[in-house]
1. What order do you get for 55-64, 98-107 when each peptide is scored by the mean count of other beta carbon atoms within 10 Å, highest first?
2. Please report how far the C-alpha centroid of region 58-77 lies from that of region 81-114, rounded to the nearest whole angstrom.
3. Per 0.36 nm of contour for each residue apart, how much would the distance between residue 112 and residue 89 grow if the chain were fully extended, relative to their Cα-Cα spacing?
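Where a number appears in this text, it was derived from the coordinates with a stated rule and is not lab data. Note that the structure is predicted; figures quoted are calculated from it, not measured. All Cβ positions, even for glycine, are placed from backbone atoms using ideal geometry, and neighbour counts span all protein chains on display.
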């Protein structure tokens, strides 16, 4: 059985809850700096268990790490692989986390051709 997104995949989602009001040293997440990526490029997340996948531009990744409000593409993954399209060209970051819950996360992140 695979995992797919439960919510938020098309429109992005704001985060501003108590679980994300932590310092960057407390943020446990897997991170991949994708560099400059063209709009429409597909990013694939392969997960070993349920997790939250996020695709963020640089300013939103900085806010995420600081526990501030941010916007992202993605959401809770309930099937794998999860494929998200980069909405516009720019510097992008892929993140996998457990949304503040205890546990370990394991994933691979790949950039596929647009």
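1. Result, highest mean first: 55-64, 98-107.
2. 11 Å
3. Once the chain is fully extended between residue 112 and residue 89, it gains 6.8 nm.
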